[in-house]
Each structure stands twice: as structure tokens, then as C-alpha cells.
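Engineer: Pasting in a structure now, in C-alpha cells, and then I'll have a few things to ask.
Bear in mind these aren't lab numbers, they're just calculated from the coordinates by the rules spelled out. None of the values given here were measured: they were computed from a predicted structure. Cβ atoms come from the backbone with ideal geometry, glycine included; neighbour counts cover every protein chain shown.
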Amino acid sequence: MKKSVVLYKRLSDVLMARLQEQVDVTLIDDPAGVGKAALHAALPTAHGLLGASMRLDDSLLALAPQLEVVSSVSVGVDNYDIEAFNRRGVMLTNTPDVLTETTADTGFALILACARRVVELDGWIRAGHWKASIGPAHFGCDVQGKTLGIIGMGRVGEALARRAAAGFGMQVLYHSRNPRPEVEQRYGAGYRSLRALLAESDFVCLTVPLSAATENLIGAAELALMKPSAILVNIARGRVVDEAALVDALKHKRIRGAGLDVMVKEPLPMDSPLLQLENLVLTPHIGSATEETREAMARCAVDNLLAALAGQRPANLVNP
Ligand code: NAP
């Protein structure tokens, strides 16, 4: 008899067909909203779950006594109560590597958009303000040749470092708990304490996982250490930055600007004070959101799920 899988993210036809060959699939849209009752009904017989962007804690796992594996279509695993997974003997898998380069591109898209005021000036043209050649009031700041501080020198951090050093001639500084001598050698990167990195960088990019240690890692005190000319970019998770402190720093121009791909509350509520700020560029959590990369992530998640259900060790097991 085929095993049962609850899918809470739509897959391409190709991947859906591959999954359906091997398992019985129940597709649930919007599992935290209108699909919640259907999810609860499907969990008691589920052997596997595949999806993303849904919190999975002990109370949900308790509804799925047959569950063997949860295959997340993401690299970040902050939505999952890993201790509960371990207690219940449920495997958790993620999709690292395949999204690394695309996420680093997103980081650079935000760095460039903030520095060169791309979004703001696009709006300025559309509003009919372009009557003569622009002057200093609309100048941006250079990216090339500046200093990029990367907080979290993992896969995405290293891909950013490569772009910065090889493509933009930037000096790279980084902070993580463990120094990475090979990264220092490859990209001429310098290891710094968090404080020193914040004080020395022209651009600060966050690429740490969200954890108890990184929640609100950047608050008012850290923002105060940054240069008034510096730009903060967050492509990690919203809760790594104290959003109220960031709003305050941007409002009072204590830093030049910020680019956020991730926010504390997603989707961003329309009454968010972030929306009032001109020196801020927002993207709706698009870090890995290209056609090619999302398909590669979904393929990786399907591979992980099927391997686990076949009794093999999945390639990307988070909780061995
Ligand atoms: P990774 O390879 O695990 O790298 C994360 C790095 O952060 C690690 O090398 C780690 O180094 C460092 N780190 C962990 N805790 C830290 C702390 N308390 N202080 C300083 N550094 C710390 O992960 P990745 O693949 O690069 O992805 C990083 C994160 O980016 C993901 O977890 C995810 O949340 C986010 N992400 C977002 C998007 C998006 O759509 N915006 C896409 C992909 C990834 P040490 O262990 O040496 O500290």
C-alpha cells in the first residue's frame, strides 16, 4: 500500500506526477487559514508532509502519530520545533545549496537598489518629476570599492562575499561564531566582532539563521554603531532585526537606508510603519523566488521526502 503524503505547497506538474507515482497525495491550500480543518483531518494518516511557510509545533505533530518525515521547501528551519521532532522520531529535511546563489543575488539586488535609489527614483519618474537632468539631491552612493560586512558566513554569506570581492571590488568583513580561514583566503575577507563589523562597514548584510541567539541581533544599540552613511540589508529572517528600532533609525536618518526581504510579520500589514519610510526598499521574501530555483528547491524536497519514506537517509536531514 502506498504511503500518504500531505502537500501544503503546490508543485509543478512534473514533480506532482513523480510524487503521485509513489505515494498518495492530499493537497491542502492555505493550511493555516481556510485549509486548516482539511489539514487536521489529513494528519492522522499522514506519513509525510511537504511544504513551506507553516509553523509546525508539537501540537500539530501530536495529530500525526504515523508521521515519518517533514520535508521543508526552504533552507531556514525556524518554523519547526526541532526538539518535538526529535522526541517523536520525525525526520526534518530542508533544501540548502540549490537556493544559495539566487539568495545572494537578492542580497545584491537590495544593496544596489538602496545605494542607487532605484525604487525611489523609478517612482519619481512615474510621478512626473523628471523635468531636467538630476542633481545632487538624487545622487546615490557607490557600492563598488566599499566595505561589505556579512553577518553569518555560511553558504549564502560566502556567495555574497564572492560577488562583493570578485564583482564589485569590495572589501569583505564578516562575523559568525566560528572564523572561516578558507573564506578569508579566497575573498580577502576579514573576521570581526559584531561591534567592529557594524562600525567599519558601508553595507551590512544579515545571513544568519533565526534562533534564540540571533533574534533581535540588530537592535537600537547595534544600529547606533553603524556609520550614518551605512545601509542595512536583511535577507535572513525578519526577527533578526528589532523592527521598531530600525524604523526609528531610518526615520531619524541615523543610517542611510535599509533593504528588507524579510519582515517580522509576513505578509506585511498595510499599517506597518515600514511603509512610511522613503529610505527603505522592501521585497516580499523573494530571496529564492526565481522560477528555476523554486523548481530546484521543490525537486530537492521531493527527493528528500521519497528517500525518507523509502527508509533511506535523505540527503538533507536536519535532525540526524
Ligand atoms: P548556513 O550555511 O547555515 O549559514 C548560516 C551561518 O550563520 C553559519 O555559517 C553560522 O556560522 C552563522 N551563525 C549561526 N548562528 C550565528 C550567531 N548566533 N551569530 C553569528 N553567526 C551565526 O545557512 P545559509 O544557507 O547561508 O542560510 C542562512 C539563512 O538565510 C537561513 O537560515 C535562512 O533563514 C535565510 N535565508 C533566507 C532566504 C530568503 O528567502 N530571504 C533564502 C535563503 C536563506 P557559525 O555556526 O560559525 O556561527
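Engineer: Which of the residues spanning the range 175-233 are away from the ligand (no atom under 16 Å from the Cβ) and of a type in the set (Ser, Thr, Tyr)?
Structural biologist: Ser229, the sole residue that qualifies.
Engineer: Let me ask something else about it. Ala165 fails exactly one of the following numbered conditions: (1) away from the ligand (no atom under 16 Å from the Cβ); (2) in a loop (DSSP other than H, G, I, E, B). What is the number of that condition?
Structural biologist: Only one criterion is unmet by Ala165, namely (2).
Engineer: Can you tell me which of Glu83, Glu101 is over 27 Å from Arg299 (Cβ atoms), out of contact with any Cys (no Cβ under 8 Å at 6 or more places or on another chain) and not in a strand (DSSP E or B)? Can you show your working first?
Structural biologist: Numbers: Glu101 fails: over 27 Å from Arg299 (Cβ atoms).
Within the list Glu83, Glu101, the selection yields Glu83.
Engineer: Of all the residues that make up the range 256-273, how many are aliphatic (A, V, I, L, M) and in contact with a Leu (Cβ under 6 Å, 6 or more places away or on another chain)?
Structural biologist: The total comes to 2.
Engineer: To continue, here is another question. So which of Pro31, Pro44 ends up being buried (at least 17 other Cβ atoms within 10 Å of the Cβ), more than 19 Å from the chain's Cα centre (by Cα) and not in a strand (DSSP E or B)?
Structural biologist: Pro31
Engineer: Which ones in the range 227-257 are crowded, with 20+ Cβ neighbours inside 10 Å and assigned to a loop (DSSP other than H, G, I, E, B)?
Structural biologist: Ala230, Ile235, Ala236, Arg237, Asp242, Ile255, Arg256
Engineer: Considering each residue of the range 258-305, count those that are hydrophobic (A, V, I, L, M, F, W, C), more than 11 Å from the ligand (Cβ to nearest atom) and in a helix (DSSP H, G or I), and give that number.
Structural biologist: 8
One line per residue, one yes/no per condition, for (1) without any contact (Cβ under 8 Å) to a residue 60 or more places away in the chain; (2) surrounded by fewer than 19 Cβ atoms within 10 Å (Cβ to Cβ):
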{"residue": "Leu56", "(1), (2)": "yes, no"}
{"residue": "Val69", "(1), (2)": "no, no"}
{"residue": "Asp78", "(1), (2)": "no, yes"}
{"residue": "Arg87", "(1), (2)": "yes, yes"}
{"residue": "Leu92", "(1), (2)": "no, no"}
{"residue": "Thr95", "(1), (2)": "no, no"}
{"residue": "Val98", "(1), (2)": "no, no"}
{"residue": "Ile111", "(1), (2)": "no, no"}
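Engineer: If we keep just the residues of the range 89-119 that are touching a strand residue (DSSP E or B) at 6+ places or on another chain (Cβ under 6 Å) and not hydrophobic (A, V, I, L, M, F, W, C), which is nearest to Gly152 (Cα to Cα)?
Structural biologist: Gly107
Engineer: List, please: which pairs have Cβ atoms under 6 Å, are six or more places apart or on different chains, and start with a residue in the range 28-50 that is at negative phi and end with one that is of a type outside the set (A, V, I, L, M) and crowded, with 22+ Cβ neighbours inside 10 Å?
Structural biologist: As it stands, the answer is Ile28/Tyr8; Pro31/Tyr8; Leu39/Pro31; Leu50/Ser71, since those pairs meet every condition given.
Engineer: Another one. Going by the structure shown, is Ile150 within 16 Å of the ligand (Cβ to nearest atom) and of a type in the set (Val, Ile, Thr)?
Structural biologist: Considered against the rule, which asks whether it is within 16 Å of the ligand (Cβ to nearest atom) and of a type in the set (Val, Ile, Thr), Ile150 comes out as yes.
Engineer: Tell me which residues, restricted to the range 121-147, are assigned to a loop (DSSP other than H, G, I, E, B) and either within 18 Å of Phe108 (Cβ to Cβ) or within 16 Å of the ligand (Cβ to nearest atom) (or both).
Structural biologist: Residues satisfying the conditions are Gly140, Cys141, Asp142, Val143, Gln144, Gly145, Lys146.
Engineer: Please pick out the residue among Ala296, Ala258, Ala213, Ala315 that is of a type outside the set (Val, Ile, Thr) and in contact with a Lys or Arg (Cβ under 9 Å, 6 or more places away or on another chain).
Structural biologist: Step by step, each of Ala296, Ala258, Ala213, Ala315 is checked, and only Ala213 is of a type outside the set (Val, Ile, Thr) and in contact with a Lys or Arg (Cβ under 9 Å, 6 or more places away or on another chain).
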